[in-house]
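Novice: Dropping a structure here in structure tokens format, bear with me for questions.
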Amino acid sequence: MAPPNSGVHHISNPCIYERKSRFMKWLGKLFKSGSNRGGARGGVGGRAHPQLLGEENMVCRAPARSLDDRSRAGKEGEELDHALALSTAEDWKRPSGYRWGTKDEDLARSLQGTLNSSSFPSYDIPQYYPRNCRLCGGCQRDIGFGKYLGCMGEYFHPECFRCCSCGYPITETEFSLSGKDPYHKSCFKELTHPKCEVCHQFIPTNASGLIEYRCHPFWSQKYCPSHEHDNTARCCSCERLESWDARYYSLEDGRRLCLECMESAIMDTGDCQPLYHAIRDYYEGMIMKLDQEIPMLLVQRQALNEAIVGEKNGYHHMPETRGLCLSEEQTVASIQKRPKIGGYRLVGMRTESRKLTRKCEVTAILVLYGLPRLLTGAILAHELMHGWLRLKGYRNLNPEVEEGICQVLSYMWLESELPGSKGMPSTSTSTSAASSSSFSSSSSSKKGGKSHVENKLGEFFMHQIAHDATPAYGEGFRAANAAVSTYGLRRTLDHIRYTGNFPL
């Protein structure tokens, strides 16, 4: 007895079988025709023909297609499309819930794609990331389920969060950040906090919490303010402070000399004579020949100070004078034999007292010993200008005019020794350019023989002259240099002779 209808539609196997049988009949017909064609071509070669293994499981080998079979293949594709359309239409006529996709239809669709295309298309497999995936900002790999750090809107493996200075992982809870670059606090301090170039320690902060230090205007040497008052040695030539990892040489008169200045230091009167005659030749090339033979002596600090006391005329550079143009008769102790180096001290100096008599307006020129060649030459050029002015009858000049024009000649000589320097405008005149060319060519070999250290010292000595803050030497030089740059050296000297001042 049949069970009563409960209103639920059950799908029975006969329905599926009936549909499969109808579809498979057509599909079998299609494969039969395909196998006949394939047999004509492939039977002789011994290839296996596609076999029907069951209603739901079939294995087929795609037949080789030639250009002559394209029209036939297109027709078969159209027939297969039509069969699929009929099958789909019958499926949609069934009540809701009775429609299934079968393996036959899937196989038919795959066969349709095979028939319509000569080769299988290749697809790139897309990269899949889960929604909660975290990429490491350092190695750009998935962090997964391990420990990680979150910083700057990114995530990192603990070993990938590294200092941009030393390259080691940052494990501290606090670190420094510059832009998006992380640093250990100690590494960041090494990079940004200034160190003292004397004691090599971090420069401390002042009472306001600010970093306060001193810096040399030319050498850019940074140091703690305390070193200005703790008896740290300073070079008497280049003014740099003595570093704790270097030693300065001690001269017998108490001055200290750094190793770079010591390389070209002139120690006795005999060593200085070639330089002195070269500067006299420079004056002669500038049409400023010195008619008198003026003695030149290298002396110690004490002898120079004593000579300053005995000199009635002249204006002296403070706090220390390094050269003097004498006009009075005196007895001066000059250095006759250079000292020897014993450790970091210069010992064994031999001096000789010399009676200076006045034969003209200039008695002698005294220069402090132990200074580098370029500084010694600049002092000689300055003092020789004093002698030239006195021998030529320039009287009663005020300090700004006399010291200013003497500084210009000193600056010009340094400029001639360093032709590549970018200092103030050239002070040579057009009339003296031709006459000085012979001197410049004769001294070119000496210029080329200077070391980089000596050239740098020459630039510093020019910087000292140009930026001197004293009224006579600093302001006087800038006024004299402006006049010489505008009117030339000869016209400026003529104006000084008649008016006692620089031309405006």
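The values are calculated or read from the model by the stated rules, or taken from the named source; none is laboratory data. Note that the structure is predicted; figures quoted are calculated from it, not measured. Glycine also receives a Cβ, built like all others from the backbone with ideal geometry; neighbour counts cover every protein chain displayed. These accessible areas exclude ligands, DNA and RNA; they are computed on the full protein's heavy atoms, side chains included. Shrake-Rupley method; radii C 1.70, N 1.55, O 1.52, S 1.80 Å.
Novice: Pick out the one residue from Leu380, Leu375 that is touching a residue at least 60 places away in the same chain (Cβ under 8 Å), touching a helix residue (DSSP H, G or I) at 6+ places or on another chain (Cβ under 6 Å) and surrounded by fewer than 24 Cβ atoms within 10 Å (Cβ to Cβ).
Specialist: Leu380 is the lone residue from the list that is touching a residue at least 60 places away in the same chain (Cβ under 8 Å), touching a helix residue (DSSP H, G or I) at 6+ places or on another chain (Cβ under 6 Å) and surrounded by fewer than 24 Cβ atoms within 10 Å (Cβ to Cβ).
Novice: Next up: Quick check, is Trp244 farther than 30 Å from Cys136 by Cβ and either in contact with a helix residue (DSSP H, G or I) (Cβ under 6 Å, 6 or more places away or on another chain) or at pLDDT below 95 (or both)?
Specialist: Yes, satisfied.
Novice: Looking at this structure, is Leu374 among the hydrophobic types (A, V, I, L, M, F, W, C), under 14 Å from Glu252 (Cβ atoms) and at pLDDT 90 or above?
Specialist: When the stated conditions are applied, Leu374 does not pass them.
Novice: Here's another thing I want to ask about it. Being closer than 30 Å to Gln300 by Cα and among the hydroxyl-bearing types (Ser, Thr, Tyr) narrows it down to one residue among Ser178, Ser186, Ser237; which is it?
Specialist: None of the other options fit; the residue is Ser237.
Novice: Here is a follow-up. With respect to Gly285, determine if the residue is under 25 Å from Gly393 (Cα atoms) and in contact with a Phe, Trp or Tyr (Cβ under 8 Å, 6 or more places away or on another chain).
Specialist: yes
Novice: Something else: Return the only residue of Leu409, Leu397, Leu389, Leu414 being open to solvent by less than 10 Å² (accessible area, probe 1.4 Å) and more than 45 Å from the chain's Cα centre (by Cα).
Specialist: Leu389
Novice: Kindly indicate the residue of segment 458-474 that is of a type in the set (A, V, I, L, M) and at pLDDT below 95 and also nearest to Leu397 (Cα to Cα) among those meeting that condition.
Specialist: Only one residue tops the list, namely Ala472.
Novice: Please determine, by comparing only the residues of segment 219-236 that are within 25 Å of the chain's Cα centre (by Cα) and among the hydroxyl-bearing types (Ser, Thr, Tyr), which one is most open to solvent (accessible area, probe 1.4 Å).
Specialist: The qualifying residue most open to solvent (accessible area, probe 1.4 Å) is Ser220.
Novice: Same structure again: Identify, from the list Phe439, Phe477, the residue that is open to solvent by less than 50 Å² (accessible area, probe 1.4 Å), at pLDDT 95 or above and not aliphatic (A, V, I, L, M).
Specialist: Going through Phe439, Phe477 in turn, the sole match is Phe477.
Novice: Touching a residue at least 40 places away in the same chain (Cβ under 8 Å), hydrophobic (A, V, I, L, M, F, W, C), assigned to a loop (DSSP other than H, G, I, E, B) and surrounded by 15 or more Cβ atoms within 10 Å (Cβ to Cβ) - does that describe any residue in segment 482-502?
Specialist: yes
Novice: Before we move on, is Glu239 surrounded by fewer than 21 Cβ atoms within 10 Å (Cβ to Cβ), assigned to a loop (DSSP other than H, G, I, E, B) and either modelled with pLDDT of 90 or more or among the aliphatic types (A, V, I, L, M) (or both)?
Specialist: For Glu239, the condition - surrounded by fewer than 21 Cβ atoms within 10 Å (Cβ to Cβ), assigned to a loop (DSSP other than H, G, I, E, B) and either modelled with pLDDT of 90 or more or among the aliphatic types (A, V, I, L, M) (or both) - is met.
Novice: Testing Pro295 on (1) touching a Ser or Thr at 6+ places or on another chain (Cβ under 9 Å); (2) surrounded by 20 or more Cβ atoms within 10 Å (Cβ to Cβ), one condition comes back false. Which one is that?
Specialist: (2)
Novice: Sticking with this structure for a sec: Find the residue count for segment 257-272, including only residues that are surrounded by fewer than 22 Cβ atoms within 10 Å (Cβ to Cβ) and in a loop (DSSP other than H, G, I, E, B).
Specialist: Here the count works out to 4.
Novice: If you don't mind, there's one more thing I want to ask. List every residue pair whose Cβ atoms lie under 9 Å apart, where the two residues are 6 or more positions apart in sequence or sit on different chains, the first residue falls within segment 202-222 and is touching a residue at least 40 places away in the same chain (Cβ under 8 Å), and the second residue, located anywhere, is exposed (fewer than 15 other Cβ atoms within 10 Å of the Cβ) and in a loop (DSSP other than H, G, I, E, B).
Specialist: Pro217/His467; Phe218/His467
Novice: Just checking, does segment 245-255 include any residue being more than 22 Å from Leu409 (Cα to Cα), open to solvent by 10 Å² or more (accessible area, probe 1.4 Å) and part of a helix (DSSP H, G or I)?
Specialist: no
Novice: For segment 256-301, which residues satisfy the criterion of being small (Gly, Ala, Ser) and farther than 19 Å from Glu417 by Cα?
Specialist: Across segment 256-301, the qualifying residue is only Gly270.
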